[in-house]
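Derivation of every value follows stated rules applied to the coordinates shown; laboratory data play no part. As the structure is a prediction and not an experimental result, all values here were calculated from the model. Note that we place each Cβ from the backbone using ideal geometry, even for glycine, and neighbour counts take in every protein chain shown.
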Amino acid sequence: MADAGEPPFWKTKTLAEMTEAEWESLCDGCGKCCLVGLEDEDTGEIYLTDVACKLFDSGACRCSDYPNRQKLVNDCVKLTPQNVPELNWLPKTCAYRLVHQNRDLFWWHPLVSGDPDTVHQANVSVRGKTRPEGRLKIPGLMKRIKTWPDPKPAPDKPPPRRPRAKR
């Protein structure tokens with residue numbers, strides 16, 4: 001979370017200006033970029049399945065071998081400041097996409113909430129909702145297309161606690 005006195009780095013820096021740590025912290029841990037997607041050739045629309053990359057750990061909602069992912073998965077795409085604008089399959093809630101578009105992060109993003117679990121609480125992640133990549137061909141993958149739910153709205157803040165009178 002950012003200091004109260006200064007704007008957070010994602011509001012003051014472009015993707016290209018970020019340090020490696022800042023860049024990596026933009027990932028909210030939703031896991032949607034690790035899903036197999038299908039593109040409609042006529043419309044260009046992307047349909048996400050519930051089938052995840054073979055390295056995706058559904059329980060942790062993270063890559064099980066992040067440092068070696070590109071060596072182990074030939075079509076794994078490393079996000080860069082240069083390719084983010086072109087990647088139409090990134091979720092609309094993706095922080096890399098949002099920062100590129102000069103939009104703010106959502107309430108559930110760990111950098112905003114201070115809690116890495118809010119992405120799961122907001123129903124944004126695919127944690128525990130995927131199946132491993134297997135030998136499915138296109139017809140089988142088409143049967144696995146899933147409509148992922150919209151994120152939950154920010155919870156109302158609880159009313160302030162009244163101080164208790166000391167006895």
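Where in region 139-155 does the label zone of TYR47 land, with the point 7 angstrom along Cα→C-beta and an amide N cut-off under 17 Å?
Answer for this model: 139-149.
For the chain, with a Gaussian network of springs between Cα atoms less than 10 Å apart, report the residue from ALA60, ALA21, ALA52 with the top mean-square fluctuation.
In this elastic network of the chain, the residue with the biggest mean-square fluctuation among ALA60, ALA21, ALA52 is ALA21.
Which whole-number percent is the relative contact order of region 53-128 (Cα, under 8 Å, 6+ apart)? Can you show the working numbers first?
Details: 54 pairs, mean separation 19.4, N = 76.
This gives 25 percent for region 53-128.
How big is the charge dipole of the chain about its Cα centre, in debye rounded to the nearest 20, if each Lys and Arg gets +1 on its Cβ and each Asp and Glu gets -1 on its Cβ?
The dipole magnitude comes to about 1080 debye.
Mean projection of the alpha-carbon convex hull of the chain over all orientations, in nm²?
On the way: hull surface 54.0 nm².
The orientation-averaged projected area of the Cα hull of the chain comes to 13.5 nm².
Farthest toward the dipole's positive end in region 46-167, which of CYS76, TRP89, PHE106, given Cβ charges of +1 (Lys, Arg) and -1 (Asp, Glu) about the Cα centre?
PHE106
Give the relative contact order (percent, whole number) for the chain; include only Cα pairs under 8 Å separated by 6+ residues.
Taking the mean separation of contacting Cα pairs over the length of the chain, I get 29 percent.
So which lysines pass the test for LYS137, namely a Cα distance under 17 Å, with those fewer than 8 places away in the same chain ruled out?
Of all the lysines, those that pass the test against LYS137 - Cα under 17 Å, at least 8 places apart if same chain - are LYS54, LYS146.
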